[in-house]
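Shown next, in structure tokens, is the structure this report addresses.
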Amino acid sequence: MKDKDISRFLSLILRHKPEEIGIRLDAHGWVEVKTLLQALQKHGRTIDRQKLEEIVAENNKQRFAFDETGTRIRANQGHSVAIDLDLPASVPPDYLFHGTAESFISSIQKTGLQKQTRQHVHLSTNRDTATQVGSRHGKPCILVVRAGKMQEAGFQFYISDNGVWLTDHVPVEFIDF
Ligand code: HQG
């Protein structure tokens with residue numbers, strides 16, 4: 001398997017479908033590296049620890065992280081599985097960006113940004129990233145979120161270990177379309 005394919009598969013397992021290879025994530029999304037490697041082998045996707053380390057280190061968005069002891073691994077964000085990343089609330093920059101598809105705009109104008117199948121709404125500090133994220137869904141459209149004002153109004157923000165800003169919901173009044 002190519003590194004990119006392994007990486008994609010790891011995203012699937014560590015964010016969405018751990019059961020696909022018969023593993024469980026703990027309450028904070030972690031799984032023992034040993035358990036993961038054994039399960040991958042059992043399901044015909046054998047990689048060794050060194051290859052896993054390479055993939056974690058070289059992933060273009062730093063999607064995965066080992067814990068401080070190196071014995072556990074998790075995805076940094078993007079989960080649909082109900083886990084608690086256990087991140088401290090952080091003060092966001094005044095403005096954050098969200099890339100979406102034009103076809104979703106009328107719905108977003110009604111209900112604001114919803115987390116849909118994931119655990120959070122994902123926001124970025126730069127337009128380029130938002131454009132790439134939006135392009136995955138269709139003709140991209142960039143929304144500007146008044147994150148500073150939201151935070152002042154009592155909404156909580158978190159920053160994942162790979163620099164993605166997360167929040168539960170963005171009400172329409174904080175979005176510049
Ligand atoms: C849209 C990738 C209609 C929302 C990316 C988005 C990101 C609404 C889609 C991360 C809506 C959900 C997450 C509403 C939100 N009505 N549509 N009220 N509210 N939406 O994939 O943000 O490469 O779950 O705008 O880089 O696109 O996988 O979220 O278009 O960081 O690491 O519903 O996933 O990371 O789509 O992407 P997604 P996303 P990776």
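Is it the case that the range 55-70 has a residue that's farther than 15 Å from ASN162 by Cα and surrounded by 14 or more Cβ atoms within 10 Å (Cβ to Cβ)? Outline the logic, then answer.
Filtering the range 55-70 down to residues farther than 15 Å from ASN162 by Cα leaves 68-70.
Retained after the next criterion (residues that are surrounded by 14 or more Cβ atoms within 10 Å (Cβ to Cβ)): none.
Scanning the range 55-70, I find no residue that is farther than 15 Å from ASN162 by Cα and surrounded by 14 or more Cβ atoms within 10 Å (Cβ to Cβ), so the answer is no.
Tell me, please, whether a residue that is surrounded by 12 or more Cβ atoms within 10 Å (Cβ to Cβ) and assigned to a strand (DSSP E or B) can be found in the range 126-137.
no
Does ALA65 satisfy being of a type outside the set (Phe, Trp, Tyr), in contact (Cβ under 8 Å) with a residue 12 or more places away in the chain and assigned to a loop (DSSP other than H, G, I, E, B)?
Details: of a type outside the set (Phe, Trp, Tyr): yes; in contact (Cβ under 8 Å) with a residue 12 or more places away in the chain: yes; assigned to a loop (DSSP other than H, G, I, E, B): no.
No; evaluated as a whole, the condition is false for this residue.
State yes or no: is GLN50 over 23 Å from VAL133 (Cα atoms) and either touching a strand residue (DSSP E or B) at 6+ places or on another chain (Cβ under 8 Å) or in a helix (DSSP H, G or I) (or both)?
Numbers: over 23 Å from VAL133 (Cα atoms): yes; either touching a strand residue (DSSP E or B) at 6+ places or on another chain (Cβ under 8 Å) or in a helix (DSSP H, G or I) (or both): yes.
The answer is yes for GLN50.
So which residues in the range 141-174 are within 10 Å of the ligand (Cβ to nearest atom) and within 16 Å of ILE105 (Cβ to Cβ)?
Within the range 141-174, CYS141, LEU143, VAL170, VAL172 qualify.
Within the range 27-45, track down each residue that is in contact with a Lys or Arg (Cβ under 8 Å, 6 or more places away or on another chain) and in contact (Cβ under 8 Å) with a residue 24 or more places away in the chain. Give the steps one after another, and end with the answer.
If we filter the range 27-45 for residues that are in contact with a Lys or Arg (Cβ under 8 Å, 6 or more places away or on another chain), which is where we start, we get 28-33, 37.
Matches in the range 27-45: HIS28, GLY29, TRP30, VAL31, GLU32, VAL33.
In the range 89-125, which residues are more than 7 Å from the ligand (Cβ to nearest atom), part of a loop (DSSP other than H, G, I, E, B) and under 16 Å from the mean Cα position of the chain (by Cα)?
Passing the criteria: LYS115, GLN119, HIS120, THR125.
Run GLN151 past the list (1) crowded, with 18+ Cβ neighbours inside 10 Å; (2) among the polar types (S, T, N, Q); (3) outside any helix (DSSP H, G or I) and report the number of the one that doesn't hold.
(3)
Throughout, read-outs are computed from the coordinates displayed, never taken from laboratory work. Bear in mind the structure is a predicted one, so any value in this text is a computation, not a measurement. Virtual Cβ from ideal backbone geometry, glycine too; neighbours counted across all protein chains shown.
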